[in-house]
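Peer 1: Handing you this structure, nothing more for now.
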Amino acid sequence: MYKKLMKIMAVLVMVLAMAGSVYAEPVSLDAQRLDTYYTLALDRIENDDYEKALSYLANCLKYCDKAVNPDLYADIHLKIGCVYTMQKNYDYALAELEEAIATMPGLSEAWLVKTQVYSEMENYTAAADTLKIYIELTGNTAMNETLSQLYASAGDEEKALEAQNAYEAYTSEITAAYESAVSKLEAGQYADAIADFEICRNDATYGPSSIYNIAVCYMQGGDYENALSNFLLCVNGDAEYDGLYYNIGVCCMVQDEIPSAIQAFTISTEKESFQSDALYNRAVCYVTAEEFQLAIDDFTAYLDMMKAAQAKEEGAEPGDVVDVATYYRGVCYLSVNEFEKAAADFTACIEAGLAPSDSLFNRGLTYLQAGSYELAVADFTECIEKDISTDDALFYRSYAYRGQGNNEAALADLTACIEHGYNLSTAYYQRAQVYDSMGDKEHYIADLEASLQD
């Protein structure tokens, strides 16, 4: 019981110490000094320098008017009460907490710290009565368990039983809600599951997993913004969830928060069982960020993992694995001018029937950029025959023909593009260059003029 209360106190002091400054905009000199003393006090609380913190908080009260700013006045006395409690100076702590409560009766944190003080003083009746007020203010019925223990320590068995019954009724409701939520989640009833999990959100036992499952429900429902906000609440919790960082990465990636996605996927590769999926998705993020070499490294690592897994499953030496990652790695190789490797990946995809049309067209582009014009012509011709990106294939085949010195064939392809209305400005300009190479000045000038038309 007392350990639980001490944990509450430790969390409370940490939260108080992490609060922000009093003012954000330009203020008067007195207000500036108040802000400075307040900020310094929080820093000293955070660093366990309680005497200095008390000094700074006392100076805050010189510049804080109870009538003008009762919220801040009560907050300062609450913090002083916290510091005295940590120092076990209980009489002073109670006096400060009473002042905070007198100013702001609904300041629930002050009632909770006051409970802590009374429990450490072994005044269990006062501690229980104070905690009961806290429960009434916050609706945190989970604290009825502690309330029951306090009344039992005070020798009031009737109130202890009453509080215990209230706690058991609460836990019964929470347990039922949680079990219902899990069933609805498994059935794909995500909105209904969220409603039930929300009932459990603040429960000490079911709260952490409820928050995680709420995030999962939002994610399954395509609401990545709410999913992410709930996943992030799980990061600093006591419980660990395999796949937490992977899911954070997915939510960030879908919302185009690429640097955050990469960071999350990196953590996932290091500490979660989703390493292969995290590697693949991080590679996709690198492609989006045009970090093509990093993407190549990740796609390669992913394919190696798939190869090893296949070999383990089949009990044989690892063979080549062709996956969608092979196609994307080929695109990345093409982007960094590693044409031989790009062609190899696209060829593997064509042979495996994986994105064969796109792979054929991109292999043609690869051969074209590598100066392998005969191979490029062959691939683009096959695209045209199979009606794969026909106009694009005609356009780029014209470049390959020009590389071979076959101006007549290049001219025919560009003319077809123009007849199809494809990329007219560039098509006219490129056909003009062909005419120029052929020494046809009249058509050269005519096509240049045509290329200027909108």
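The values are calculated or read from the model by the stated rules, or taken from the named source; none is laboratory data. Treat the numbers as computed from the prediction; the structure is a model and nothing was measured. Cβ placement follows ideal geometry from the backbone for every residue including glycine, while neighbour counts extend to all protein chains displayed. These area figures cover heavy atoms from the full protein model, side chains too; ligands, DNA and RNA do not enter into them. Shrake-Rupley method; radii C 1.70, N 1.55, O 1.52, S 1.80 Å.
Peer 1: Starting from 0 in steps of 5 Å, tell me what percent of the Cα-Cα pairs of the stretch 378-442 lands in each bin.
Peer 2: Per 5 Å bin, starting at zero, the Cα-Cα P(r) for the stretch 378-442 comes out as 4, 21, 30, 25, 14, 4, 2, 0 percent.
Peer 1: A further question on this structure: In the structure displayed, which of K312/K341; K307/K341; K66/K88; K132/K159 lie more than 21 Å apart, Cα to Cα?
Peer 2: Listed pairs above 21 Å: K312/K341; K66/K88.
Peer 1: Now, a different point. How much of the accessible area of the chain, probe 1.4 Å, is carbon plus sulfur, in whole percent?
Peer 2: Roughly 48 percent, rounded to a whole number.
Peer 1: So what's the stretch 323-426 giving for Cα Rg divided by 2.2 N^0.38 Å, two decimals?
Peer 2: The reported ratio for this selection is 1.05.
Peer 1: Compare K79, K307, K441 by solvent-accessible area with a 1.4 Å probe and give them largest first, with all protein chains kept in place.
Peer 2: Result of the area sort, largest leading: K441, K307, K79.
Peer 1: Per residue, how much space in cubic angstrom lies within the convex hull of the C-alpha atoms of the chain?
Peer 2: Cα convex hull per residue, to the nearest whole number: 245 Å³.
Peer 1: So with the 1.4 Å probe, I'd like the accessible area per residue for the chain, rounded to whole Å².
Peer 2: Per-residue value: 51 Å².
Peer 1: Volume per residue, Å³, of the convex hull around the alpha-carbon atoms of the stretch 175-257?
Peer 2: 79 Å³
Peer 1: If DNA, RNA and ligands are ignored and the probe is 1.4 Å, what is the ranking of T390, T85 by accessible area, most exposed first?
Peer 2: T390, T85
Peer 1: For the stretch 83-156, what does the convex hull of the Cα positions come to per residue, in cubic angstrom?
Peer 2: 75 Å³
Peer 1: What accessible surface, in Å², does a 1.4 Å probe find on F380, ignoring ligands, DNA and RNA and rounding to the nearest 10?
Peer 2: 0 Å²
Peer 1: Moving on. Let a ≥ b ≥ c be the square roots of the eigenvalues of the Cα gyration tensor of the stretch 69-207; is it rounded (a/c under 1.5), or, if not, prolate (a/b larger than b/c) or oblate?
Peer 2: oblate
Peer 1: If each of E179 and D192 carries a label point 7 Å out from its Cα toward its Cβ, how far apart are those two points in nm?
Peer 2: Spacing of the two 7 Å Cα→Cβ label points: 1.7 nm.
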